[in-house]
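Have a look at the structure below, then the notes.
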Amino acid sequence: MANAASGTTVHDVCKLKFLELKVKRNYRFIVFKIEGQQVVVEKLGSHGDNYDDFIASLPSDECRYAVFDFDFITNENCQKSKIYFIAWSPETSKVRMKMVYASSKDRFKRELDGIQIELQATDPSEMSFDIIKARAY
């Protein structure tokens, strides 16, 4: 189904890979991009990858959507996990690209059932590991 605002559709592989991240925990992160009129998977981060690997996979001058599976231990010593949705829109990306990603975001996010925390970032400092940790608790 196309997004009325931007005409963008979501490729079925996006939903399938997200489900594998959420249920089977096959991946640490997934980076999505809009190609033509469709959201597609650009990169899958293996379960052994860390947050630095994730940050390195985002282009410095183009928008992307991403999900990151963050594992942490609570103050009560319990192992937990939170799934983050990150809308990456760097200042240096083209205005048209920013508009397309912004108008497609909510529709795309609804396709990914199980997102727990959302972040929007225009600069790496807005999604630093410290911010990720602070939002998890």
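The values are calculated or read from the model by the stated rules, or taken from the named source; none is laboratory data. Predicted model only: the values in this text are computed from it and were never measured. Here Cβ is always computed from backbone atoms with ideal geometry, including for glycine, and neighbour counts include all displayed protein chains. With ligands, DNA and RNA removed, areas are computed over all heavy atoms of the protein, side chains included. Shrake-Rupley method; radii C 1.70, N 1.55, O 1.52, S 1.80 Å.
Pairing each residue of the range 76-88 that is without any contact (Cβ under 8 Å) to a residue 40 or more places away in the chain and farther than 17 Å from residue 134 by Cβ with any residue that is of a type outside the set (Ser, Thr, Tyr) and assigned to a loop (DSSP other than H, G, I, E, B), provided the two are 6+ apart or on different chains, yields C-beta distances under 9 Å for 87/63; 88/58; 88/59; 88/62; 88/63.
With respect to residue 30, determine if the residue is surrounded by 14 or more Cβ atoms within 10 Å (Cβ to Cβ), among the hydrophobic types (A, V, I, L, M, F, W, C) and without any contact (Cβ under 8 Å) to a residue 60 or more places away in the chain.
On the way: surrounded by 14 or more Cβ atoms within 10 Å (Cβ to Cβ): yes; among the hydrophobic types (A, V, I, L, M, F, W, C): yes; without any contact (Cβ under 8 Å) to a residue 60 or more places away in the chain: yes.
Spelling it out, residue 30 is indeed surrounded by 14 or more Cβ atoms within 10 Å (Cβ to Cβ), among the hydrophobic types (A, V, I, L, M, F, W, C) and without any contact (Cβ under 8 Å) to a residue 60 or more places away in the chain.
Within the range 1-19, not a single residue is over 15 Å from residue 111 (Cα atoms), modelled with pLDDT of 95 or more, open to solvent by 70 Å² or more (accessible area, probe 1.4 Å) and part of a helix (DSSP H, G or I). Out of the residues in the range 110-137 that are assigned to a helix (DSSP H, G or I) and in contact (Cβ under 8 Å) with a residue 40 or more places away in the chain, which is nearest to residue 78 (Cα to Cα)? Of everything passing the filter in the range 110-137, 136 is nearest to residue 78 (Cα to Cα). In the range 99-137, the qualifying residues are those that are within 14 Å of the chain's Cα centre (by Cα), of a type outside the set (D, E, K, R) and within 23 Å of residue 24 (Cα to Cα), and the one that is most open to solvent (accessible area, probe 1.4 Å) is 116.
Would you call residue 91 open to solvent by 60 Å² or more (accessible area, probe 1.4 Å) and of a type in the set (D, E, K, R)? So residue 91 fits the description; yes. The number of residues in the range 47-80 that are open to solvent by 60 Å² or more (accessible area, probe 1.4 Å) and outside any loop (DSSP other than H, G, I, E, B) comes to 6.
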